[in-house]
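The values are calculated or read from the model by the stated rules, or taken from the named source; none is laboratory data. This structure is a prediction, so every number in the text was calculated from the model and none was measured. Here the Cβ positions follow ideal geometry from the backbone for every residue, glycine too, while neighbour counts run over all protein chains shown. These area figures cover heavy atoms from the full protein model, side chains too; ligands, DNA and RNA do not enter into them. Shrake-Rupley method; radii C 1.70, N 1.55, O 1.52, S 1.80 Å.
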Amino acid sequence: MRQQRDRAYAAYAIFAASVLVMSLMNVTPVPEGFQDIANMLGEIVRGTIFLVGPIVLVVALVYSIKLWRDRSLVFLGVCALVMVGAVIAEAALSRSAVNAIGLICGALGLALSARWFLVARRAVA
């Protein structure tokens, strides 16, 4: 049971980190003269995230359904689905709203995953 929770929280940590990186990339200004390098690095990071993100999200959601009694996992699942919904509805929302949702969901996901690995994991047998 603990190993399954470890996998679920690790998957959410990876997803949250990727959401946080994408949101920070969108809100961070790039100085003049570095735009070509920033665009190249941004495309590499985005490509990696778009390959890994959906796989990790599916794994995390499956474990959330399987371990539905863990409220933190359910909250992380809802938060991840809200983030995916915000990205899909980006045309209806403003870009700043999507970035704000990404920053909030990413920070919460990393905080709850860190809490599991640093504190709560020891309490579960």
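If exposed chymotrypsin sites (Phe, Trp or Tyr not before Pro) are those in a DSSP loop with at most 15 other Cβ within 10 Å, what is the longest stretch of the chain that has none?
69-125
Given a 1.4 angstrom probe, what's the average accessible area per residue across the stretch 17-125, in square angstrom?
Dividing the accessible area of the stretch 17-125 by its residue count gives 64 Å².
Add -39500 (n - 2.57) for each DSSP H run of 4 or more in the chain, then divide by its residues: what number comes out at 222 nm, to the nearest 500 deg cm²/dmol?
So the calculated ellipticity at 222 nm is -27500 deg cm²/dmol.
If you put +1 on each Lys and Arg Cβ and -1 on each Asp and Glu Cβ, how big is the dipole of the stretch 1-107 around its Cα centre, in Debye rounded to 20?
With only Lys, Arg, Asp and Glu charged at Cβ, the dipole is about 640 debye.
Out of the stretch 59-109, which trypsin sites (Lys or Arg not before Pro) are coil in DSSP terms and have no more than 14 other C-beta atoms within 10 Å?
Counting only loop positions with at most 14 other Cβ atoms within 10 Å, the trypsin sites (Lys or Arg not before Pro) in the stretch 59-109 are 69.
On the accessible surface of the chain, probed at 1.4 Å, how many percent belong to carbon and sulfur atoms?
Carbon and sulfur: 71 percent of the exposed surface of the chain.
State whether the stretch 10-52 is rounded, prolate or oblate according to the following rule on the C-alpha gyration tensor (a ≥ b ≥ c being the square roots of its eigenvalues): a/c under 1.5 gives rounded; otherwise a/b larger than b/c gives prolate, and the remaining case gives oblate.
Here the stretch 10-52 falls in the oblate category.
If you fit an axis through the alpha-carbon atoms of helix 2-27 and take the longest principal axis of the Cα set of the chain, what angle between them do you get, 0 to 90°, nearest 10?
So the inclination is approximately 20 degrees.
By how many nm would the segment from residue 117 to residue 68 grow when fully extended, if each residue of separation counts as 0.36 nm and the alpha-carbon distance is taken off?
Length difference between fully extended and current span is 15.8 nm.
Given a Förster radius of 35 Å and the C-beta distance between residue 24 and residue 3 as r, what FRET efficiency does 1/(1 + (r/R0)^6) yield to the nearest 0.05?
With R0 = 35 Å, the Cβ-Cβ based efficiency is 0.65.
Quick one: length gained pulling residue 88 to residue 40 fully straight, 0.36 nm per residue minus the C-alpha distance?
Here the answer is 14.9 nm.
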